[in-house]
1. Identify all residues within the stretch 31-40 that are buried (at least 17 other Cβ atoms within 10 Å of the Cβ) and more than 19 Å from GLU89 (Cβ to Cβ); write none if there are none.
2. Based on this model, can you work out whether ALA18 counts as touching a helix residue (DSSP H, G or I) at 6+ places or on another chain (Cβ under 6 Å), in a helix (DSSP H, G or I), more than 19 Å from ALA133 (Cβ to Cβ) and modelled with pLDDT of 95 or more?
3. In the stretch 38-72, which residues are in contact with a Leu (Cβ under 9 Å, 6 or more places away or on another chain) and not in a loop (DSSP other than H, G, I, E, B)?
4. Test GLU13 against the stated conditions and say whether it is in contact with a strand residue (DSSP E or B) (Cβ under 8 Å, 6 or more places away or on another chain), over 16 Å from ARG141 (Cβ atoms) and not in a strand (DSSP E or B).
5. Of all residues in the stretch 18-30, count the ones that are of a type in the set (Gly, Ala, Ser) and surrounded by fewer than 16 Cβ atoms within 10 Å (Cβ to Cβ).
6. What pairs can you find where one residue is in the stretch 130-151 and closer than 14 Å to GLY112 by Cα and at pLDDT below 95, the other is part of a helix (DSSP H, G or I) and not hydroxyl-bearing (Ser, Thr, Tyr), and their Cβ atoms are less than 7 Å apart, with a gap of 6+ or different chains?
7. Among the residues of the stretch 79-93, are any of a type in the set (Lys, Arg) and either loosely packed, with under 15 Cβ neighbours inside 10 Å or within 18 Å of ARG141 (Cα to Cα) (or both)?
8. Given the options LEU115, LEU101, LEU146, name the one that is assigned to a helix (DSSP H, G or I) and either within 22 Å of ARG56 (Cα to Cα) or touching a strand residue (DSSP E or B) at 6+ places or on another chain (Cβ under 6 Å) (or both).
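The values are calculated or read from the model by the stated rules, or taken from the named source; none is laboratory data. Quick caveat: nothing in here was measured; it's all calculated off a predicted structure. FYI the Cβ positions are ideal-geometry reconstructions off the backbone, even for glycines, and counts take in every protein chain you see.
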Amino acid sequence: MNTDAMQRRLHLERIMSAPPAHVFRACVEPQRVSEWWGPAGFTVPHIDLDVREGGRYRIVMQPPKGDRFCLRGEYRSVEPPGRLSYTFEWDPPTPDDQQTLVTLTFQPVDRGTRLVLDHGPFTTDERLQLHEAGWTETLDRLEAWLAASTA
């Protein structure tokens, strides 16, 4: 892997209005994930999560316009309620895609949970920007879902 690709990593942080155990469950229970996953307007018509180290997942995503597409991967680390790590790859991949690693950490704070997302490395700046936009909207949806589910 070249040095440029090593620099193309995404780091996002959010404060979620729920305790770490609740945020963690929202990220590993299929029914919950299907209610908030994906950018604005996306739905999840099918989801399979085998949440254990070495377990696989597959999420079918439906954008507001266009064809469904899938992402898949393998869980590398499952440490409730503090950490979740998994590979991420599109199915099928585009030419500029490679398997990447997503790591979520759930840190308790006064107002709930600091969710830290690290994802990468990406092969191109365009792929990094695509994932940054997608994750930003996805975390917006998770934040709204958590606020509504704990109200």
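1. ARG32, SER34, TRP36, listed by residue number.
2. Taking the combined requirement at face value, the residue does not satisfy it.
3. Answer for the stretch 38-72, where residues must be in contact with a Leu (Cβ under 9 Å, 6 or more places away or on another chain) and not in a loop (DSSP other than H, G, I, E, B): ARG56, TYR57, ARG58, ILE59, VAL60, MET61.
4. No, not satisfied.
5. 1
6. That search, which allows pairs on different chains as well, returns THR150/HIS22.
7. No, the stretch 79-93 has no match at all.
8. Going through LEU115, LEU101, LEU146 in turn, just one is assigned to a helix (DSSP H, G or I) and either within 22 Å of ARG56 (Cα to Cα) or touching a strand residue (DSSP E or B) at 6+ places or on another chain (Cβ under 6 Å) (or both): LEU146.
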